[in-house]
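The values are calculated or read from the model by the stated rules, or taken from the named source; none is laboratory data. Keep in mind the model is a prediction, meaning the values are calculated, not measured. With ideal geometry, Cβ positions are generated from the backbone for all residues, glycine too; neighbour counts draw on all protein chains shown. Please note that ligands, DNA and RNA were not included when accessible areas were found on the heavy atoms of the full protein model with its side chains. Shrake-Rupley method; radii C 1.70, N 1.55, O 1.52, S 1.80 Å.
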Amino acid sequence: MSPRIRWGAGRRAARVVTGGVVVAALAIGGACGVDDEARGGDGGPDRDAIAAATESDHVGIPEVSAVMPLPAGAVVGTEGPSGLPQVTPDESCDPLPSLRPDDASPEERVPRIRQRGRLIVGLDQGSNLFSFRDPGTGQLTGFDVDLAREIAQDIFGDPSQVEFRSLTSVNRIEALENNEVDVVIRSMSITCARRERITFSAPYFQAYQRVLAVRGSGITEIEHLEGRRVCVAAGTTSASRLWAELDRLTVLSVNTWADCLVAIQQNQVDAITTDDAILVGITAQDPYLEIVGPQLNAEPYGVGIAKSTPDDNTDGLVRQVNSTLERIRADGTWNRMYSTWLSGLGPSPGMPVPTYVPEEPR
């Protein structure tokens, strides 16, 4: 067998992409025999052919354009999907008033929860600074987690008597309607449309929708998202406002805001838009991202609670939660929580002042 191999047409590179791993296979045909047309005058391989092959193959390292997979459950669309929460102001509705705390004890307000021995809370496990797993301890932590523990403290005298269940933005209302959780504490904005299905506590935080982009991208306001790719969490008011204000864009709807972080890092979207409180948690994980543009619509967060029915009177739970909110406002706990988790937004703005439903005198 000749020690010489065939060059030129017999040399080809096969590129394979499997599971994100790039494999370059160099198939060399005709290892036996001599290709006279590819041989130089000295009997060796043609130098020009070798140079051309080497240059085209970038010194044997092929270029591969591998498309990264989208997050699980992600949906790409150029038209607004049905079922998004309404963002057009409803002049006939004020969504903020809630039930005023009373002087009743937790045993009187929430007897079923007391008997069960734990408060069941629905939240997100991937919202940095609000509710996320500490990589060091594996425990859930964050602003919303602290609030849940304060509510449990007032019900049981023990902040640990709480069970957390992970929910997406899409299924958090259904979880309340199906009695899967007692409350939802998941950076959920209080809106008139949502009040048709559930009830809310008084606001515990006031956020504002903003835009997040890569530093130096040229995106500085929501209008610059026209014609771009934008990531939002499905079922949020942020998604609704995009479709209401822009005519031409591509939206990647995902289950969690952590998915949006991955998407922008992989260049699958140009920007993310949601509440500034959530965006500051995303920027804390990537220094190449920045929050841009002015504050958009206000987003008051409330604790979501199922509507009261003859079989399940939840009014006592609403009053219990509002009692906790009054306490953490008065004793400084809220400001301490803000300093711990949300100081990246600037000095504490203070907890929103509650408004309560007028009640008939007893």
*Evaluate the range 327-342: report whether one residue or more is under 23 Å from L123 (Cα atoms), open to solvent by 60 Å² or more (accessible area, probe 1.4 Å) and under 24 Å from the mean Cα position of the chain (by Cα).*
yes
*asked:* For the range 344-362, which positions are without any contact (Cβ under 8 Å) to a residue 24 or more places away in the chain, open to solvent by 70 Å² or more (accessible area, probe 1.4 Å) and either among the aromatic types (F, W, Y) or within 17 Å of D276 (Cβ to Cβ) (or both)?
replied: P347
*asked:* For the range 94-104, give me the residue count where each residue is open to solvent by less than 40 Å² (accessible area, probe 1.4 Å) and over 36 Å from the mean Cα position of the chain (by Cα).
replied: 1
*Report, by residue number, each residue of the range 186-217 that is basic (K, R) and not in a strand (DSSP E or B).*
R186, R194, R195, R197, R215
*Which residues, taken from the range 219-235, are open to solvent by 10 Å² or more (accessible area, probe 1.4 Å) and not aliphatic (A, V, I, L, M)?*
T220, E221, E223, H224, E226, G227, R228, R229, G235
*G216 closer than 30 Å to T340 by Cα, of a type in the set (G, A, S) and buried (at least 17 other Cβ atoms within 10 Å of the Cβ)*: no
*Does the range 117-171 hold any residues that are closer than 24 Å to L345 by Cβ, among the small types (G, A, S) and part of a helix (DSSP H, G or I), and which are they?*
A148
*Does D182 meet the test of being under 24 Å from V254 (Cβ atoms), surrounded by 15 or more Cβ atoms within 10 Å (Cβ to Cβ) and at pLDDT 95 or above?*
no
